[in-house]
Amino acid sequence: MENIRKTKQIVRGMRASDGDGVQLTRIIGSPYLNVLDPFLLLDAFGSDKPQDYIGGFPPHPHRGFETVTYMMAGKMRHKDSVGNEGVIESGGIQWMSAGKGIIHSEMPEQEDGLLAGFQLWVNLPAEHKMMQPNYQEHPSSDISVESTHEGISIKVIAGNTVQGTKGIIENPFVDPTYWDVNLKQGKTLNEVLPKDHNAFVYVIEGAIIVGSEEIQGNSEKLESGQLAVLTQGENVQFTAASDSRFLLIAGRPLNEPIERAGPFVMNTKAEIQQAFHDYQSGQFA
Ligand code: FE2
């Protein structure tokens with residue numbers, strides 16, 4: 001097989017605290033990997049200690065990009081300033097286009113037990129940064145899981161597999177791929193990604209070989225808690241060194257200037273100043 005993507009960079013996340021004392025691991029958006037166009041941030045949160053998460057994320061604004069919350073355990077209640085409210089339960093996804101601006105809170109809906117998940121920030125192209133806010137929210141039961149081969153399952157949140165399983169999320173801006181993959185030890189997954197999309201893999205459990213061991217210099221081992229940025233190319237191959245679970249995420253790079261300040265991500269400094277002005281003068285919905 002030609003052009004199998006290999007690892008270009010491997011990073012671990014760094015410990016961080018956000019919201020009201022929520023302990024998390026910042027994997028994209030850190031000094032080691034500031035941005036992977038169109039992805040601006042990836043946080044992993046996971047703890048069975050309520051003091052690590054109970055404070056949640058009290059009301060805060062966003063403008064100019066999308067926040068994607070994938071819950072692996074526990075429940076998160078979200079509420080925004082225009083009356084949208086819901087609970088993302090274990091295995092569920094919320095793809096929120098903040099667009100021109102929302103103010104929302106994200107609070108754990110439980111007082112004990114395990115809370116775990118990811119938040120990914122996906123940039124919006126300049127011409128859609130001021131779009132009307134929009135939500136795509138789905139429980140786990142709505143999301144297709146492809147398991148045509150024994151020991152391989154792909155939960156297809158966004159993007160399409162070679163076998164034709166289609167993700168539930170619609171996003172014409174970066175045509176994302178967002179898969180939650182389980183591979184039993186020794187199994188190999190061969191798949192195809194749009195060749196010019198930026199892609200990364202993050203190992204949640206176990207360890208995988210990224211790339212083909214049959215091609216000189218193509219393969220590298222990736223352990224749990226590590227993220228690999230992949231080179232460009234059409235094909236991807238992953239082999240489980242032990243029973244493994246990982247995220248495979250890709251998207252079309254926007255190749256536009258990025259100006260970010262906290263919860264606002266725009267193209268110019270003037271637009272950031274405008275965002276602060278609009279927020280402080282109560283013009284966010
Ligand atoms: Fe938020």
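Filtering region 95-104 down to residues that are within 10 Å of the ligand (Cβ to nearest atom) and without any contact (Cβ under 8 Å) to a residue 60 or more places away in the chain, which residue is farthest from the chain's Cα centre (by Cα)?
Here the answer is H104.
A199 - would you say it is surrounded by fewer than 20 Cβ atoms within 10 Å (Cβ to Cβ) and under 14 Å from I10 (Cα atoms)?
Criteria not met by A199.
Suppose we filter F276, F238, F264 for residues that are surrounded by 14 or more Cβ atoms within 10 Å (Cβ to Cβ), within 16 Å of the ligand (Cβ to nearest atom) and farther than 21 Å from G117 by Cα; which single one remains?
Of F276, F238, F264, the one residue that is surrounded by 14 or more Cβ atoms within 10 Å (Cβ to Cβ), within 16 Å of the ligand (Cβ to nearest atom) and farther than 21 Å from G117 by Cα is F264.
Being within 15 Å of the ligand (Cβ to nearest atom) and not in a strand (DSSP E or B) narrows it down to one residue among V82, V68; which is it?
V82
Residue under question is L227, and the condition is that it be modelled with pLDDT of 95 or more, crowded, with 21+ Cβ neighbours inside 10 Å and over 22 Å from G151 (Cα atoms); does it hold?
yes
Of everything in region 229-285, what is over 21 Å from K129 (Cβ atoms), among the polar types (S, T, N, Q) and not in a loop (DSSP other than H, G, I, E, B)? Give them in sequence order.
The answer is N235, Q237, T239, S244.
Restricting the first residue to region 56-70 and requiring it to be at positive phi, which pairs with a second residue that is near the ligand (Cβ under 10 Å from one of its atoms) meet a Cβ separation below 8 Å and a spacing of at least six or different chains?
G56/G19; G56/S105; G56/E106; G64/A98
What do you reckon, is P58 more than 16 Å from the ligand (Cβ to nearest atom) and either more than 16 Å from I102 (Cα to Cα) or of a type outside the set (G, A, S) (or both)?
When the stated conditions are applied, P58 does not pass them.
Every residue, every condition in (1) surrounded by fewer than 17 Cβ atoms within 10 Å (Cβ to Cβ); (2) under 30 Å from E271 (Cα atoms), yes or no:
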position	(1), (2)
E89	yes, no
I93	no, yes
G99	no, yes
W121	no, yes
V162	yes, no
F173	no, yes
L189	no, no
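The values are calculated or read from the model by the stated rules, or taken from the named source; none is laboratory data. These numbers were taken from a predicted model, which means no experiment stands behind them. Neighbour counts run over all protein chains shown; Cβ positions are idealised from the backbone, glycine included.
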